[in-house]
Structures are given as structure tokens and as C-alpha cells.
Amino acid sequence: GSRFFASWDFTGDPCLFAGVSCSLDGRVTTLALGDPRAGAPGLAGTFPSAAIATLPALTSLSLVPGRVTRTLSPTVTSLPALRFLALAGNLLSGDLPASFAPALRTVDLSKNGFTGRVPASLLQLWDLQTLVLSHNALSREIPRAVRSPLLHLDLRSNRLSGGVPPLPGTLVYLSLAGNRLSGPVGGVLRRLPRLSFLDLG
């Protein structure tokens, strides 16, 4: 459904490929796969975890909405330099990995088919500011130990249950709509002095 890879000429320098950026020493630092101008249906096929896992200098990985399938491997989410991970709007499925790169600042895995729990390790990353896991099939309780300095947390349209745990006072945006959460929230919200957007619908 997309001709994005048609411009990748493997007789030339891969650092000049569309969607690829490299460091001065020729190591791949950015992969932006797909062309947002192409529209639907976007890229199709299986997610190339094994290939991406061979890029230790990768700091940014994004995938334009399409029809890419398979699970998300911890060999990808744990890449040591990774700071930006955005794979929204595809057909990825299975449980989310238990381990994530400590340098991550932004994670957007929304609009896929992920199941299971929200990994506790994801909410304990010291630099994570934006976490978007909306429109999946995540279930059970939100982990109680949230240590990340989150500004933006979006968990709407999942199957999460239980109460709302204590959240960091750094939050500006919070959406928990479309879940099965219950219990009081006043005590949590009073500790969010910077909050400017709230959706508990």
C-alpha cells in the first residue's frame, strides 16, 4: 500500500535513504518509516524487530500509521540510546515488553492491539514525559508506583480496572476515559497542581 521503500537504493549510502538519519561516524540514529503524505493504507508487513535491534545508536523510531503486524520485542524497546518511540496506528499485538530503555522521553503505542498489563517498569523511567497507550486492549490495574516525571498520560479506551493510583505532580494532560476504573479520585487530583486537561469519561 505504500511506495516508501522504492527510493531506498542499496547500491548507495543508507544514511541518505528517506527516513534515515545517521551520526557523523555513520551509525543510524533515526528511523522514520513510512510517508505521512501517502495516506492510507500505509506500510504493511511484519515489524522488523531483529533488524532494528542491531542499531545500538538509535535514538528515535517512528512508524507512520499502516498495517504493520507482529509483537513488540524487548530487543527494540530496550535499545540503550532510544529516546523517542512512536508506533501508533498499526496492527501490533501481544503483551507490552517488560523492559524499556532508560533514556526514553516519549512513548506512543496507541491504536494497536496490545493486551495484558501496563508494564510497571514503563512508569518508572526517570526521563519519561509523554506516555500514550490509548485505544488498545490493556487490562488489569494501573501500576501504583508511578515515578516518571510525566507531563502527558493517555490511557483511554482500554480495559483497565481498579482505582487511580497516585500520579506525579508534573502532569498537565490526563485521560483515563473509556476504561473500567472505579473508586475515589479526589485525593489523586488534588496532588496535580499543573493539570490543565482531564478526561475521566
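So what's the net charge close to Leu33: Lys and Arg +1, Asp and Glu -1, counting the other residues with Cβ under 15 Å from its Cβ?
On the way: positive: Arg3, Arg37, Arg67, Arg70; negative: Asp35, Asp108.
Summing Lys/Arg as +1 and Asp/Glu as -1 gives +2.
Using helices alone, I'd like the mean residue ellipticity at 222 nm for the chain: each DSSP H run of four-plus residues gives -39500 (n - 2.57), total over residue count, nearest 500. Please report the intermediate quantities before stating the final value.
Working: 3 runs with 12 residues, N = 201.
Calculated mean residue ellipticity at 222 nm is -1000 deg cm²/dmol.
From the backbone phi of the range 70-79, what are the Karplus-calculated ³J(HN,Hα) couplings (6.51 cos²θ - 1.76 cosθ + 1.60, θ = phi - 60°) in whole Hz, Gly and Pro given as x?
Those phi angles translate into 4, 7, 9, 7, x, 5, 8, 5, 9, 3 Hz.
P(r) for the range 21-114, please, calculated from all Cα pair distances in 10 Å bins and given in %.
Answer for the range 21-114: a P(r) of 17, 51, 28, 3 percent.
Could you tell me whether the chain comes out rounded, prolate or oblate from its Cα gyration tensor? Rule is a ≥ b ≥ c as square roots of the eigenvalues, rounded for a/c under 1.5, then prolate if a/b exceeds b/c, otherwise oblate. Don't skip to the answer; put the middle values down first.
On the way: a/c = 2.28, a/b = 1.81, b/c = 1.26.
Prolate.
If you take all C-alpha pairs in the range 1-74, what percent of them are over 19 Å apart? Walk me through the numbers on the way to the answer.
Details: 1017 of 2701 pairs.
Value for the range 1-74: 38 percent of Cα pairs lie more than 19 Å apart.
Coordinate-derived values only; no laboratory data. If you're wondering where the values come from, they're calculated on a predicted model, not measured in any experiment. Cβ sites come from the backbone with ideal geometry, for glycine too, and all protein chains shown count toward neighbours.
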